[in-house]
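*Asks:* Here you go, one structure.
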Ligand SMILES: C[S@@+](CC[C@H](N)C(=O)[O-])C[C@H]1O[C@@H](n2cnc3c(N)ncnc32)[C@H](O)[C@@H]1O
């Protein structure tokens, strides 16, 4: 472990950074080489990027400032905007630490094992900052240059402008956010943080999945209703398994960081919440998992089957297959009698390397008799490949608006 003096020195670097807003450099060596040859994240290594960036963020240190001070009378929470403000310093600290960890872990996995990491590598975007419960801790930890916020409530935009004059706060509906453009402007993939407005959680998440098609988003550390969080990580054959599970287990490494009780919010929601961490795979690894299938076709298949989740795949897909084969019942019959396709070489290679996703990709021969919750995300890819083929999809763009509802945005 790092001697106390150098930890203090790192804090010193952080404080210099806050004053000058110049990117400072940190060794990212929170990863350790295990005896089995695998690289692992060393949780408590105080020299790690996550530890360094959050070293000033103890629950005690932010407790006094984390509670949103809503200016009396003029900032009444609006239920219509999903405004449940965080009012507990301990929860704020845990969320911010989980965010920095998600963002830096993804960086490290993608870019090699040990390298210099600067705060500007994070390119943080906070969705729905509200009165600034998270923002007030993010600004000193990251530097206001490395954070921007998107908020629909003009009262919040004004309040944050007063509290953090150099922070960029866009007055915008988050469903209109153009992540690829923001990533272009910032010079690389974004790391998302937010205590989300729950009424549009899945639309926000689907928009992030779309943004990962162009590598515009690398991680998301976001709160949501506990029930929604459970659906994202649900395994097959579980009642929570559904479209959210298929999409996010295909697109990202997903985890529940922790459960959040209603008592830490003002006003208190009626349900528990979860902090979810998503590490998006990015286009090249996603393409391998998709085995040449277009995300738009996959969406059609997944939606058709889960709309009738009690039915077998044959019954769930009958109508769609008739449409695809232009009413040719013989072709439809042939489709339902198809043997699973051999997996492409890239998936075979992943199987050989022990990749869990690929290991569960092969369709069983009785796939038509399965119910949707029995099929893994990879098996949905395989059914899509049987129905639509891959006709050039290997090279075509993955798409800008596939999973999100089309009515949002232009
Ligand atoms: C659950 S509150 C979180 C506020 C603050 N981050 C906190 O933790 O206390 C959700 C925030 O999202 C904002 N919001 C709601 N709908 C939005 C939308 N469509 N676009 C952008 N922000 C939105 C709300 O105004 C609110 O500030």
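*Asks:* Every residue in the range 157-181 that is in a helix (DSSP H, G or I) and out of contact with any helix residue (DSSP H, G or I) (no Cβ under 9 Å at 6 or more places or on another chain), please.
*Replies:* 157, 158, 159, 161, 162, 176, 181
*Asks:* Another one. Kindly indicate whether any position in the range 374-390 is at pLDDT 95 or above and in a loop (DSSP other than H, G, I, E, B).
*Replies:* The answer is yes; a qualifying residue exists.
*Asks:* Given 300, 263, 305, which one is more than 30 Å from residue 85 (Cβ to Cβ) and over 23 Å from the mean Cα position of the chain (by Cα)?
*Replies:* 305
*Asks:* Another question, if that's okay. Would you tally the residues in the range 326-354 being over 30 Å from the mean Cα position of the chain (by Cα), under 26 Å from residue 373 (Cβ atoms) and part of a loop (DSSP other than H, G, I, E, B)?
*Replies:* Residues meeting the conditions: 6.
*Asks:* Let me ask another. Does residue 402 satisfy the criteria of being outside any loop (DSSP other than H, G, I, E, B), at pLDDT below 95 and farther than 20 Å from residue 333 by Cα?
*Replies:* no
*Asks:* Further, regarding this structure: Taking the criterion of being touching a helix residue (DSSP H, G or I) at 6+ places or on another chain (Cβ under 7 Å), buried (at least 23 other Cβ atoms within 10 Å of the Cβ), at pLDDT 95 or above and part of a helix (DSSP H, G or I), would at least one residue in the range 250-270 satisfy it?
*Replies:* yes
*Asks:* Using the structure shown, decide if residue 205 is within 16 Å of the ligand (Cβ to nearest atom), at pLDDT 95 or above, within 16 Å of residue 92 (Cα to Cα) and surrounded by 19 or more Cβ atoms within 10 Å (Cβ to Cβ).
*Replies:* Criteria not met by residue 205.
*Asks:* Can I ask one more? Quick check on my filter: what residues within the range 140-155 are outside any loop (DSSP other than H, G, I, E, B), within 13 Å of the ligand (Cβ to nearest atom) and touching a strand residue (DSSP E or B) at 6+ places or on another chain (Cβ under 8 Å)?
*Replies:* Once the filter is applied, which keeps residues that are outside any loop (DSSP other than H, G, I, E, B), within 13 Å of the ligand (Cβ to nearest atom) and touching a strand residue (DSSP E or B) at 6+ places or on another chain (Cβ under 8 Å), the range 140-155 yields 147, 148, 149, 150, 151, 154.
*Asks:* For the structure I just gave you, tell me whether residue 167 is near the ligand (Cβ under 10 Å from one of its atoms), surrounded by fewer than 23 Cβ atoms within 10 Å (Cβ to Cβ) and touching a residue at least 24 places away in the same chain (Cβ under 8 Å).
*Replies:* Against the criterion (near the ligand (Cβ under 10 Å from one of its atoms), surrounded by fewer than 23 Cβ atoms within 10 Å (Cβ to Cβ) and touching a residue at least 24 places away in the same chain (Cβ under 8 Å)), residue 167 does not qualify.
*Asks:* Only one of (1) within 14 Å of the ligand (Cβ to nearest atom); (2) within 19 Å of residue 289 (Cα to Cα); (3) outside any helix (DSSP H, G or I) is not met by residue 222, so which one is it?
*Replies:* Here residue 222 meets the rest and fails (2).
*Asks:* With the condition kept exactly as written, say whether any residue in the range 63-82 is surrounded by 20 or more Cβ atoms within 10 Å (Cβ to Cβ), within 22 Å of the chain's Cα centre (by Cα) and either modelled with pLDDT of 90 or more or near the ligand (Cβ under 9 Å from one of its atoms) (or both).
*Replies:* no
The values are calculated or read from the model by the stated rules, or taken from the named source; none is laboratory data. Quick caveat: nothing in here was measured; it's all calculated off a predicted structure. Heads up, the Cβs are rebuilt from the backbone with ideal geometry, glycines too, and the neighbour counts pull from every protein chain shown.
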